[in-house]
Amino acid sequence: MLNLAPQNKLGLYVDSLLLAGSGAVGYGDTWPPGLRPEAFGAIITAPVSLTPRKGRPQPRVAEIPGGFLLDTGGHNPGFRRLVESQARAWRRLDVPVILSLAGGEPGDRAWMAAHLEELEEVIAGIELTVSENVNLSETAAFIAAARRATPLPILARLPVTRAAYLARTALIAGADALIVGTPPPAAYPASKTLVEAPLAGPAAFPFTLRALSLLAELDLGAPIIAAGGVYSLDDALLCLEMGASAVAIRGLVWRDPAAARRLSINIRPFMPEEDEG
Amino acid sequence: MIQVRARIQERETRGAVHILRLHAPDLARQLHPGQAVLIQTGWSLDPFLRRTFHPIAIDEATFRIRLAPDADRGRAWLRMAAEGTEVDALGPVGQGFSLPDHARRILCLGQGDAAWALLPLVRAASARGVGVALAVEATTRRQTIPARDLPLSVEYHVATLDGSAGRRGDLRPLLPDLLTWADAVMAVGGMDFYRFLARAIEDARVILPRGYAQALYQTDFLCGFGACQACAADVAGGRRRVCLRGPIFDLVDILR
């Protein structure tokens, strides 16, 4: 087993280097054909906010050369309804579930984190996304607030273009691991409407690599999960060579579940035999 | 839903339109009229998104998709793919048309190229001995379904905006009689077409009752299994994932 949160007393133990990235399988309730929970070391849910969000109307997706832009507008059922409807299913999943908490009003994420107490046997960690436009003190504030609210491992998802700038602050504030990360935002028309969203698809991979490269120079001593543009075993192995402890996939699950399954099998031999964390 | 390799078994060209017959027995056996199939186009990860098709014919081992001329590079790749080429297909997506048990006479209404998605339903209903009237409204003859593609028992009406086939104009004048005759309606078209249909039903039958008309919500799918939320649209009283709740909805749910 690999511990992705060695500094946390609860730890975050995974039995595969491959994680289902944020929303790849929805909230753990939507699985493509041929892909089962055991393909992944852990699953990260789609982001959930304190209150329900209707999200943006159509169109939500635009295809671009080498990928796509997807803006759901944060569409989600809200924290309370999600937990009520999914807690039992999460218990049955037999794979660590990392709940992605979406921002909103100040304190929302800390409130949600605090109310995961009853689910600590079910939820293995939380993902907090640091948005593109926050500064160091804001980053520190909301991660520290979540840290005070829950003992669960915190995975801070950083924007790739600012990962090196924000990483140490996120860790000092209480993050146990970093996810690198959110690709840069972009815009492209679909049905005569501009869809604005972080770049997704293979085109995001070079941004992930650059962020990994910069973080490697910082020698942070915390696990880093590479996410963004990983579509093959070669991509995944390159991320591991560049210092990532694990990789997360999302678009590959959506586009080609069979390829995601093959990757989950082919990456298994590269699992470290013993975690020294 | 399953993911399979589908082989292009046959290509039929009708002018600029290509009709591909894809051999994929496991998928064909699961397909119902109105459901979607998502097909990867290209040899690599580009184009990234699968293309969404509603098959125009389904049999035990194969299904057919229709490629009308357009500027999309994914469909252009499919138009050029040789017979024997294998493509990756994911499906069936969502819920298809459901022929009500009580239905003895159904009216199928289609608009433009999308109308072709009604063909499997027309054939299935006709084979069950249900009386079928098909009415298609199109811009021009090229979009219309040739009568030779229909079972002999089907009553067929065509209206084209340019008058190149059938009556000139839209279907409006035909609907009162057809709607009085039919005890169920199945429709494929755009939202304006559905609003126009709803008004026509209310005119002919006083109200638009739930269960009387089904319609296909046209959208392109990304994952097709509910995870990505790309297809969420305002249907059935909320913003819902079309791949799970649709793409066939009660007409009442599409409009409200």
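The values are calculated or read from the model by the stated rules, or taken from the named source; none is laboratory data. Computed from a predicted model, the values in this text were never measured in an experiment. Counting neighbours? That spans all protein chains shown, and the Cβs are built from the backbone with ideal geometry, glycine included.
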Exercise. Consider A:Asp71 carefully, then state whether it is of a type in the set (Asp, Glu), within 14 Å of another protein chain (Cβ to nearest Cβ) and out of contact with any helix residue (DSSP H, G or I) (no Cβ under 7 Å at 6 or more places or on another chain).
Key: yes
Quiz item: Which of the following residues is under 25 Å from B:Asp72 (Cα atoms), in contact with a helix residue (DSSP H, G or I) (Cβ under 6 Å, 6 or more places away or on another chain) and within 14 Å of chain A (Cβ to nearest Cβ): B:Gly190, B:Gly226?
Solution: B:Gly226
Quiz prompt | Hits in region B:232-256 - residues which are surrounded by 17 or more Cβ atoms within 10 Å (Cβ to Cβ) and assigned to a strand (DSSP E or B) | solution = B:Ala232, B:Ala233, B:Val235, B:Arg239, B:Arg240, B:Arg241, B:Pro247, B:Ile248, B:Phe249, B:Asp250
Self-check item: Some residue of region B:55-67 being in a loop (DSSP other than H, G, I, E, B) and either within 11 Å of another protein chain (Cβ to nearest Cβ) or among the basic types (Lys, Arg) (or both)
Solution: no
Quiz item: Restricting the search to region B:1-44, which residues are part of a loop (DSSP other than H, G, I, E, B), over 21 Å from B:Cys231 (Cα atoms) and hydrophobic (A, V, I, L, M, F, W, C)?
Solution: B:Ala16, B:Ala24, B:Trp43
Quiz prompt | Pairs where the first residue, in region B:197-225, is outside the structural domain of B:Ala89 (by TED's automatic domain parsing) and in contact (Cβ under 8 Å) with a residue 40 or more places away in the chain and the second is of a type outside the set (A, V, I, L, M) and assigned to a loop (DSSP other than H, G, I, E, B), C-beta under 6 Å, 6+ apart | solution = B:Gln214/B:Phe97; B:Leu216/B:Gly34; B:Thr219/B:Cys231; B:Phe221/B:Cys231; B:Leu222/B:Cys228; B:Phe225/A:Thr30; B:Phe225/A:Pro32
Exercise. Identify, by number, the condition in (1) within 19 Å of B:Met1 (Cβ to Cβ); (2) surrounded by 19 or more Cβ atoms within 10 Å (Cβ to Cβ); (3) in contact with a Lys or Arg (Cβ under 8 Å, 6 or more places away or on another chain) that A:Ser16 doesn't meet.
Key: (1)
Quiz item: Looking at (1) within 14 Å of another protein chain (Cβ to nearest Cβ); (2) surrounded by 15 or more Cβ atoms within 10 Å (Cβ to Cβ), can you tell me which one A:Asp234 breaks?
Solution: (2)
Exercise. Could you tell me whether A:Ala62 is modelled with pLDDT of 95 or more, facing chain B (nearest Cβ under 10 Å) and either within 16 Å of the chain's Cα centre (by Cα) or assigned to a loop (DSSP other than H, G, I, E, B) (or both)?
Key: no
Quiz item: Does region B:149-157 contain any residue that is more than 24 Å from B:Phe63 (Cβ to Cβ), in contact (Cβ under 8 Å) with a residue 12 or more places away in the chain and not small (Gly, Ala, Ser)?
Solution: yes
Exercise. Only residues that are crowded, with 19+ Cβ neighbours inside 10 Å and either out of contact with any strand residue (DSSP E or B) (no Cβ under 7 Å at 6 or more places or on another chain) or within 27 Å of A:Gln58 (Cβ to Cβ) (or both): list them for region A:172-189, please.
Key: A:Ala173, A:Thr182, A:Pro183
Quiz item: Is it fair to say B:Leu107 is more than 19 Å from B:His157 (Cβ to Cβ), more than 14 Å from chain A (Cβ to nearest Cβ) and not in a loop (DSSP other than H, G, I, E, B)?
Solution: no
Quiz prompt | Single match in B:Leu90, B:Leu49, B:Leu78 (criterion: within 29 Å of A:Gly66 (Cβ to Cβ) and more than 14 Å from every other protein chain (Cβ to nearest Cβ)) | solution = B:Leu78
Quiz item: If A:Gly26 passes every condition in (1) free of Cβ contacts under 8 Å to residues at least 24 places away in the same chain; (2) within 23 Å of B:Gln40 (Cα to Cα); (3) surrounded by fewer than 19 Cβ atoms within 10 Å (Cβ to Cβ) but one, which one does it miss?
Solution: (3)
